[in-house]
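The values are calculated or read from the model by the stated rules, or taken from the named source; none is laboratory data. Predicted model only: the values in this text are computed from it and were never measured. Ideal geometry is used to build each Cβ from the backbone, glycine not excepted, and the neighbour counts take in all protein chains shown. These accessible areas exclude ligands, DNA and RNA; they are computed on the full protein's heavy atoms, side chains included. Shrake-Rupley method; radii C 1.70, N 1.55, O 1.52, S 1.80 Å.
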Amino acid sequence: MGTRKKVHAFVRVKPTDDFAHEMIRYGDDNKSIDIHLKKDIRKGVVNNQQTDWSFKLDGVLHDASQDLVYETVAKDVVSQALDGYNGTIMCYGQTGAGKTYTMTGATENYKHRGILPRALQQVFKMIEERPTHAITVRVSYLEIYNESLFDLLSTLPYVGPSVTPMTIVENPQGVFIKGLSVHLTSQEEDAFSLLFEGETNRIIASHTMNKNSSRSHCIFTIYMEAHSRTLSDEKYVTSKINLVDLAGSERLGKSGSEGRVLKEATYINKSLSFLEQAIIALGDHKRDHIPFRQCKLTHALKDSLGGNCNMVLVTNIYGEAAQLEETLSSLRFASRMKLVTTEPAINEKYNAERMVKNLEKELVLLKQELAIHDSLANRNIVTYDPMDEIQIAEINSQVRRYLEGTLDEIDIINLRQIQEVFNQFRVVLSQQEQEVEAALRRKYTLIDKNDFATISAVQKAGIIDVNGHLVGEPDGQGFGLGVAPFSTKPGKKSKSKKTVKDPPSSSARKEGASSPVSGKDLDMISTSKTQLVPSSKDGDVKDVLSRDRETSSIEPLPSDSPKEESRPLRPTTPPSKLMAFEDFKNERGSEINRIFKENKSILNERRKRASETTQRINVIKREIDVTKEALNFQKSLQEKQGEYENKGLMIIDEEEFLLILKLKDLKKQYRSEYQDLRDLRAEIQYCQHLVDQCRHRLLMEFDIWYNESFVIPEDMQVALKLGSSIRPGMVPVSRIVSLGEDDQDKFAQLQQTVLPEGPDAISFYNAKIKTEQKHNYLKTIMGLQQTHKK
């Protein structure tokens, strides 16, 4: 871990025409600020009221530009972040004191941009200056509003709102927000676009102290990960920068907040109070418990407050006499923050792939050193590579001969061979156990009476009775499963066979056991060019469906319509859509109409096969029920005649055993047919999707063809030719107009040459313009939707 260091605290004074020079004075070193209050005469002669305060800070920024603020406060924190150190920059102060201006700045003016956009700019500039490292940048934007977590970038189309609420989760790596979207940014303009997108989603309100008051705490986080391109070292560094814009504390008597704004102010003051309690606890080194979990703000900033990061606090204050009490409160907070210490350290992680490669190189080097050592010690050639199959087979042979007694001892060469000898002993022992078990199973079928799972499965198959008695021929020790010899049956057993009802006929059994076969071939459907005759074999299902996927894909279909030059004259009155649709299916839409018919015929064929399979399943089910009744009758008859057991084993006769085998065979057929039915249902669902897709495509192409042929003026057909920027159906027919040069295109070409700030401002303004265009478009769409509803 790194050495402990104190938090840096700076004060920025908001410029004002009514500055209290008599009450606020700055030190000569520009690192201290003194506050003087006049005594209240109304309290009498004996007045112990404190009138003077002095605060020692790391810097006082009075009438400072945005450039100077960033150079003083944030530049070192951002530069160290690329070396693997975490950083946090926090703006704290009274409402309207300039926190958001310090952190974000005025997005309308490039010169007045704040710490956050300047930090993004510095990050990407430093990445360009480090070509030896591959650095990835990701960003996230979190808002804490009324003790609830919100993702300010959830309005992006590829993110969307979260179904589950976001939560704060702790793990050994630190604290992170579960459900917060993190976005990869490969260039500066993308990062600015995300920043402006989040800024437009922030919650603001107006009161007497501030016209645009932030009503929530916001945390913009920059995540960085740096890999070396030149070194093969498996280590790489990660870091993150938290840029925190806190909501301002406010006195309700001065702000005049009411209703929703009053509720927001209550939550803001409460969370800031908990933040100050956590800071006081961190400054007291005797405290063991730090109350981070009192509110969402302190919990989310647990890593930043006294953790593994470089921490900087910017306290924004008023310079007016009327706000002196709030100014004193903010300065006290800054002085308490200076007592907090952090322990920044480089966040190093290891790349598993590179570690493997480095270990392989080290392994080769160690083998070479061992070979040199063996040659100097006059040892025989010793191989340290893993043994191949031939060497393992030789060791296996030696172990077998050693166990048989034909080999007295096994020569030992190296440690790897010793390990392999013990391994082969285990292999030989396992093989012998398997051979003994296989020999027993060839003669007997053994089931342990303590294996309740197996007994339950056999009971369900109808092979044993409810008492758990197994069937078979007794041999004195174990038992076997099979047909009991007639010599072991009692004499009265043969008479009972005459009373058993005849089982179902063999013809019905064969019918139920037959494999599923598809029905008749499909009816031949005449089309303009080709015909589809699906195969009756199940093996052709995949081929037919794969061909359906190809022919019914969303790619444009070949058109059979004549060329534009040979198109007949347009009628003065457009024909009815019903008549035009029939012509469309025979001409331009003939191909997709053919595919539609083919898919529909395949769907009907699958439905027919599914119906036949269902009928076969019903037949098998009825036969299973009949067989079960016969088997139950046979068992009940046996119980009436008495049980014949030998050492806990029941012997069944041949007829009952045949019924058991028949029931087992019927169940197997039932499962096979049911699986076929499930496959057919899946195919039917897919074919139905293809038919719906083709129907939708056919109607959509017809609308485009109808508008192109009978509605759109002929002088506009030039813009609809292949290769043009307009495709039929993209623009409503009533809104088709000629396209000229856009003013925005002219501005994009002009801004690169006349921007007063130079080329560095292009990314900033481009991102700003794109964000404004997007939100203007969304507002227009919402307005149109509301107009249509009215």
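Among the residues in region 383-396, are any at pLDDT below 85, in contact with an Asp or Glu (Cβ under 9 Å, 6 or more places away or on another chain) and among the hydrophobic types (A, V, I, L, M, F, W, C)? Yes; the residues of region 383-396 include at least one that is at pLDDT below 85, in contact with an Asp or Glu (Cβ under 9 Å, 6 or more places away or on another chain) and among the hydrophobic types (A, V, I, L, M, F, W, C).
Any residue at all in region 129-144 that is free of Cβ contacts under 8 Å to residues at least 40 places away in the same chain and either outside any helix (DSSP H, G or I) or closer than 16 Å to D245 by Cα (or both)? Taking every residue of region 129-144 in turn, at least one turns out to be free of Cβ contacts under 8 Å to residues at least 40 places away in the same chain and either outside any helix (DSSP H, G or I) or closer than 16 Å to D245 by Cα (or both). Cβ-Cβ contacts under 7 Å between residues 6 or more apart (or on different chains), taken from a first residue in region 4-21 that is touching a residue at least 40 places away in the same chain (Cβ under 8 Å) and within 13 Å of H62 (Cβ to Cβ) to a second residue that is exposed (fewer than 12 other Cβ atoms within 10 Å of the Cβ) and of a type outside the set (S, T, N, Q), are listed as P15/D63. None of Y670, Y686, Y674 is closer than 30 Å to Q638 by Cα, hydroxyl-bearing (S, T, Y) and modelled with pLDDT of 85 or more except Y670. Do we find that S335 is open to solvent by 30 Å² or more (accessible area, probe 1.4 Å), of a type in the set (G, A, S) and either in a strand (DSSP E or B) or touching a Leu at 6+ places or on another chain (Cβ under 8 Å) (or both) in this structure? Yes, satisfied.
In this entry, Y101 passes the filter for residues that are touching a residue at least 12 places away in the same chain (Cβ under 8 Å), open to solvent by 50 Å² or more (accessible area, probe 1.4 Å) and either under 30 Å from Y236 (Cβ atoms) or not in a strand (DSSP E or B) (or both).
Among the residues of region 392-422, those that are without any contact (Cβ under 8 Å) to a residue 12 or more places away in the chain and either surrounded by 15 or more Cβ atoms within 10 Å (Cβ to Cβ) or of a type in the set (S, T, Y) (or both) comprise S397, Y402, T406. Scanning region 115-125 for residues that are over 20 Å from V314 (Cβ atoms), without any contact (Cβ under 8 Å) to a residue 12 or more places away in the chain and either open to solvent by 50 Å² or more (accessible area, probe 1.4 Å) or of a type in the set (A, V, I, L, M, F, W, C) (or both) turns up at least one hit. In region 1-30, the qualifying residues are those that are in contact with a strand residue (DSSP E or B) (Cβ under 6 Å, 6 or more places away or on another chain) and assigned to a loop (DSSP other than H, G, I, E, B), and the one that is surrounded by the fewest Cβ atoms within 10 Å (Cβ to Cβ) is R4. Scanning region 365-380 for residues being open to solvent by 60 Å² or more (accessible area, probe 1.4 Å), over 18 Å from I418 (Cβ atoms) and either of a type outside the set (K, R) or at pLDDT 85 or above (or both) gives a total of 9. Report yes if some residue within region 236-255 is part of a helix (DSSP H, G or I), touching a strand residue (DSSP E or B) at 6+ places or on another chain (Cβ under 9 Å) and under 27 Å from Y141 (Cα atoms); otherwise report no. No, because not a single residue in region 236-255 is part of a helix (DSSP H, G or I), touching a strand residue (DSSP E or B) at 6+ places or on another chain (Cβ under 9 Å) and under 27 Å from Y141 (Cα atoms).
Per the listing Y110, Y92, Y70, the residue uniquely out of contact with any strand residue (DSSP E or B) (no Cβ under 7 Å at 6 or more places or on another chain), within 20 Å of N310 (Cα to Cα) and not acidic (D, E) is Y70. The sole residue among E772, E708, E714 that is open to solvent by 40 Å² or more (accessible area, probe 1.4 Å), out of contact with any helix residue (DSSP H, G or I) (no Cβ under 6 Å at 6 or more places or on another chain), closer than 30 Å to S576 by Cβ and modelled with pLDDT of 55 or more is E714. Of the residues making up region 146-160, those that are in contact with an Asp or Glu (Cβ under 8 Å, 6 or more places away or on another chain) and either open to solvent by 30 Å² or more (accessible area, probe 1.4 Å) or hydrophobic (A, V, I, L, M, F, W, C) (or both) number 8.
In the set (1) in contact with a Lys or Arg (Cβ under 9 Å, 6 or more places away or on another chain); (2) closer than 30 Å to T573 by Cβ; (3) surrounded by 16 or more Cβ atoms within 10 Å (Cβ to Cβ), the condition left unmet by E656 is number (2).
Restricting L301, L272, L252 to residues that are out of contact with any Lys or Arg (no Cβ under 7 Å at 6 or more places or on another chain), open to solvent by 60 Å² or more (accessible area, probe 1.4 Å) and at negative phi narrows the list to L252.
Based on this model, can you work out whether R607 counts as within 20 Å of R678 (Cα to Cα), assigned to a helix (DSSP H, G or I) and open to solvent by less than 70 Å² (accessible area, probe 1.4 Å)?
no
All told, S162 falls short of being among the hydroxyl-bearing types (S, T, Y) and at pLDDT 85 or above. One residue alone among T185, T132 is of a type in the set (V, I, T) and open to solvent by 10 Å² or more (accessible area, probe 1.4 Å), and that residue is T132. So is P558 loosely packed, with under 15 Cβ neighbours inside 10 Å and either farther than 26 Å from H689 by Cβ or at pLDDT 90 or above (or both) or not? The answer is no for P558.
Among the criteria (1) touching a Lys or Arg at 6+ places or on another chain (Cβ under 8 Å); (2) over 26 Å from G98 (Cα atoms); (3) part of a helix (DSSP H, G or I), the one P344 does not fulfil is (3).
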